[in-house]
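Shown next, in structure tokens, is the structure this report addresses.
Computed from the coordinates by the stated procedures, all read-outs in this text should not be read as laboratory data. Since this is a predicted model, take the numbers as computed values, not measurements. Neighbour counts are summed over all protein chains in view; Cβ atoms, including those assigned to glycine, are modelled from backbone coordinates with ideal geometry.
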Amino acid sequence: MTIHEEIRELAAERNAVILAHNYQWPEVQDVADFTGDSLGLSLEAQKTAADLIVFCGVHFMAESAKVLNPEKTVLLPNIAAGCSLADSITAASLLEWKERYPEHTVVTYVNSTAEVKALSDICCTSANAVSVVRSLPGDKILFTPDRNLGRWVAEQVPEKDVVVYDGVCPIHDIMRGADMRKTIDTTKDAIVVAHPECREDVLALADEICSTTAMLGVPAKYPDAKTFIVATENGIIHQLKKRYPDREFVIADGCIGCRLHCPYMKVTTLADVKSALLNNEFAVDVPHDDLVGARRALERMLAVPRDN
Ligand code: SF4
């Protein structure tokens with residue numbers, strides 16, 4: 001029996017649902033029941049009758065799954081799966097910024113801890129950030145923690161005063177427009193797709209700027225395009241190739257995706273997933289007050305329609 005088959009058998013025995021983020025290794029994506037972005041996966045978990053959620057992603061995602069599914073056990077198969085962006089903001093640093101901007105409504109990207117979400121007025125994803133900011137009655141916004149996403153959102157909503165926190169996803173932020181330009185120059189007639197966590201000079205060269213979920217729909221919008229340059233973590237290529245086997249996808253860093261490679265996302269292996277199911281490793285818990293506060297911020301966001 002292959003390890004893939006063993007995992008599927010264990011999942012059935014334990015009434016578990018396996019969720020995998022679009023940035024996981026291809027073999028981890030393939031063993032999952034559902035693949036997608038972090039919030040989409042947590043919402044998927046709400047729809048299933050599974051008792052156990054195995055979240056192949058990073059810690060803040062497993063926390064969100066627990067916040068939205070508090071009665072279920074949520075396992076993160078590799079406890080080393082952290083996130084530099086989520087770590088760039090703490091409860092203490094957010095409180096400090098809130099003191100500096102007391103009249104601002106705090107909009108926090110879901111790539112943050114439950115503790116930080118709980119101190120925020122509302123959450124957003126990269127798919128709905130513009131709609132969330134637009135939907136707010138106040139004109140003063142404190143956007144946390146990703147400064148690239150925040151700057152891009154501020155551009156789309158010029159009628160609001162958007163102050164942006166100084167956090168960043170190093171995987172996206174490492175790319176420069178020069179990397180992208182090199183890839184565009186060596187890849188003829190390609191459509192360029194970029195995630196809004198990328199820097200301004202990278203986004204300026206993109207035909208489409210969107211979340212990972214929306215990226216999976218981009219090739220359908222361009223039926224005549226053969227090649228797509230993709231500026232996000234390289235795991236997304238697996239899902240794109242599965243959906244569009246006759247198209248070509250090139251990672252934008254001019255380095256075969258070696259820099260657009262998140263070490264936290266890629267720390268989880270099939271052996272970890274099997275061990276999680278066998279040994280209940282590693283159960284994610286969220287303190288009650290954080291869970292209640294984070295759920296309020298997430299539910300407020302869910303009431304706002306998505307942009308794309
Ligand atoms: Fe965090 Fe990695 Fe996602 Fe960047 S790509 S936000 S570091 S998990």
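Restricting to DSSP H runs of at least four residues, report the calculated mean residue ellipticity at 222 nm for the chain, -39500 (n - 2.57) per run over all residues, nearest 500 deg cm²/dmol.
-11500 deg cm²/dmol
Can you give the local net charge around Thr108? Use residues other than it whose beta-carbon is closer than 9 angstrom to its beta-carbon, Lys and Arg +1, Asp and Glu -1.
The answer is 0.
What does the charge count near Val164 come to, summing +1 for each Lys or Arg and -1 for each Asp or Glu among other residues with Cβ under 10 Å from its Cβ?
Cβ neighbours under 10 Å give a net charge of 0.
Taking a ≥ b ≥ c as the square roots of the Cα gyration tensor eigenvalues, with a/c under 1.5 meaning rounded and otherwise prolate when a/b beats b/c, else oblate, which class fits the chain?
oblate
Taking the Cβ-Cβ separation of Arg243 and Asp207 as r and a Förster radius of 22 Å, what is the calculated FRET efficiency to the nearest 0.05?
In this case the efficiency is close to 0.75.
So how far, in whole Å, is the C-alpha centre of the range 274-308 from the one of the range 111-169?
19 Å
Check Tyr109: other-chain or 5+ apart residues with amide H under 5 Å from its amide H, H built from backbone geometry?
Those lying under 5 Å, H to H, from Tyr109 are Cys124, Thr144, Asp146.
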